[in-house]
Amino acid sequence: MEFAAINPEDARAINAAVPFVKGPVPPARPFHFIGGAADFSRATDCLAAAAYYEAGDDAVGGQAVVQVVLNRLRHPAFPKTVCGVVFQGSERSTGCQFTFTCDGALVRQPSAAAWTRARDIATKALRGAVYKPVGWATHYHTDWVVPYWSTSLDKIAEVHTHLFFRWTGWWGTGPAFNRGQQPGEMAIAKLAAVSDAHRLALGAGDGDTAVAEAVPFFGRTPLPLASDQSTFLTMLNPAQADSFTGMALASCAERPRCKFMGWTEPNAMAFTLPLTPEQLNAMSFSYIRDRSSGLERTLWNCDEFKKRSPCMKRMTLRANPVPKEEGRGPTELDGVRRKSDLGETGTQNSTGVE
């Protein structure tokens, strides 16, 4: 989301000069969640995170944000799960749809009371409660910034310091919000610190508690291979070993399949696939995920990190000697006999040719 560089007071004046759309602002239809109890819990916490981190401990503002998330889910332009909508673009330092998912805000945990209120707002919305004032809004921003897109949408509501917008034309009317929710809410690594539902789901695959207990990582993540957007090969700082798992989770984001492999020795690092046996042996850390088979785990080079587990299997590299060719001299010519072939007498004709 791009903003114009402008003084907050000037931004408020510009925003105030944009008129609200004329005509009715019909409310959204009640939402009906699809999925089991585990999916519902993960969806609830994704919505609660959006409510709390976007609106603060403000129940009214939280309801408005939650309504926007559910509106987006039913619109053709956005993902079709609750967590997919909230964390869309969060794997990038820029491009996240909700700022809190990529600006480091999640390191700040809400109080127990604030989190309970946010989860209550989310639960009610998933069960059909509608916050009517924002209608079919799909966008919003605070009144002290001016996003580049604000003049291209219909301004329909103001809730405290937030302004809400919907698409213009038919794209912003009720009939356009005709897409259904897809079952299956992914576990979000960035919510593991605040959500039991996401933390337990992340650790349920193969019992790797290191994944479930990973400290959230908010630094710069490596780029995937150009040839394989689900594979990461990167250098690692051995002094930051505690962050390796969090870095892998942040890099892989919501990819259902992902490989993250790191080296602490620059000369041993791989830059392409496939890896050589030497590169595999020198690898310091790896993370692998395949949600279709329930696999998610970390592995360590325990020769290098002796107090970490589980350990990678080490390969025994053997150098096979190159077979020696017997020195036989030049290739023999037809019709020529060597002296050694004539017996001890060494008798042969003067020309050496029969």
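Numerical summary
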{"read-out": "Within segment 297-310, tally of residues that are at pLDDT 90 or above and either under 23 Å from CYS252 (Cβ atoms) or buried (at least 18 other Cβ atoms within 10 Å of the Cβ) (or both)", "value": "7"}
{"read-out": "Residue satisfying condition, being over 19 Å from HIS141 (Cβ atoms) and either in contact with a Phe, Trp or Tyr (Cβ under 7 Å, 6 or more places away or on another chain) or small (Gly, Ala, Ser) (or both), within set ALA50, ALA59, ALA105", "value": "ALA59"}
{"read-out": "Those helices (runs of 4 or more DSSP H) lying entirely in segment 23-140 with at least 1 residues polar (S, T, N, Q)", "value": "37-55, 59-73, 112-126"}
{"read-out": "Matching entry among VAL68, VAL60, VAL85 (being touching a residue at least 40 places away in the same chain (Cβ under 8 Å) and open to solvent by less than 10 Å² (accessible area, probe 1.4 Å))", "value": "VAL68"}
{"read-out": "Considering residues of segment 17-35 that are of a type in the set (Gly, Ala, Ser) and in contact (Cβ under 8 Å) with a residue 60 or more places away in the chain only, the residue least open to solvent (accessible area, probe 1.4 Å)", "value": "ALA28"}
{"read-out": "Test: residue in segment 120-127 that is surrounded by 20 or more Cβ atoms within 10 Å (Cβ to Cβ), among the hydroxyl-bearing types (Ser, Thr, Tyr) and either modelled with pLDDT of 95 or more or closer than 16 Å to MET186 by Cβ (or both)", "value": "no"}
{"read-out": "Some residue of segment 99-107 being under 29 Å from PRO256 (Cα atoms) and open to solvent by 70 Å² or more (accessible area, probe 1.4 Å)", "value": "yes"}
{"read-out": "Scope segment 231-250; condition in contact (Cβ under 8 Å) with a residue 60 or more places away in the chain and either surrounded by fewer than 12 Cβ atoms within 10 Å (Cβ to Cβ) or out of contact with any Asp or Glu (no Cβ under 8 Å at 6 or more places or on another chain) (or both); matching residues", "value": "ALA241, LEU249"}
{"read-out": "Selection within segment 145-155 - assigned to a strand (DSSP E or B) and either buried (at least 20 other Cβ atoms within 10 Å of the Cβ) or under 28 Å from the mean Cα position of the chain (by Cα) (or both)", "value": "PRO147, ASP154"}
{"read-out": "Subset tally (residues that are of a type in the set (A, V, I, L, M, F, W, C), modelled with pLDDT under 90 and open to solvent by less than 50 Å² (accessible area, probe 1.4 Å)) for segment 251-296", "value": "1"}
{"read-out": "One residue from THR116, THR142 being without any contact (Cβ under 8 Å) to a residue 40 or more places away in the chain, open to solvent by less than 40 Å² (accessible area, probe 1.4 Å) and among the polar types (S, T, N, Q)", "value": "THR142"}
{"read-out": "Which numbered condition GLU158 fails, given (1) modelled with pLDDT of 90 or more; (2) surrounded by fewer than 21 Cβ atoms within 10 Å (Cβ to Cβ); (3) closer than 20 Å to THR44 by Cα; (4) among the acidic types (Asp, Glu)", "value": "(3)"}
{"read-out": "Whichever residue in segment 172-183 is open to solvent by 40 Å² or more (accessible area, probe 1.4 Å) and either modelled with pLDDT under 90 or closer than 16 Å to ALA38 by Cα (or both) and, among such residues, is farthest from the chain's Cα centre (by Cα)", "value": "GLY180"}
{"read-out": "Selection within segment 190-230 - modelled with pLDDT of 85 or more, within 12 Å of the chain's Cα centre (by Cα) and crowded, with 18+ Cβ neighbours inside 10 Å", "value": "LYS190, THR221, PRO224"}
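The values are calculated or read from the model by the stated rules, or taken from the named source; none is laboratory data. Because the structure is predicted, anything quoted here is derived from the model rather than measured. Every residue, glycine among them, receives a Cβ derived from its backbone with ideal geometry; neighbour counts consider all protein chains shown. In case anyone asks, the SASA skips ligands and DNA or RNA and just uses the protein heavy atoms, side chains included. Shrake-Rupley method; radii C 1.70, N 1.55, O 1.52, S 1.80 Å.
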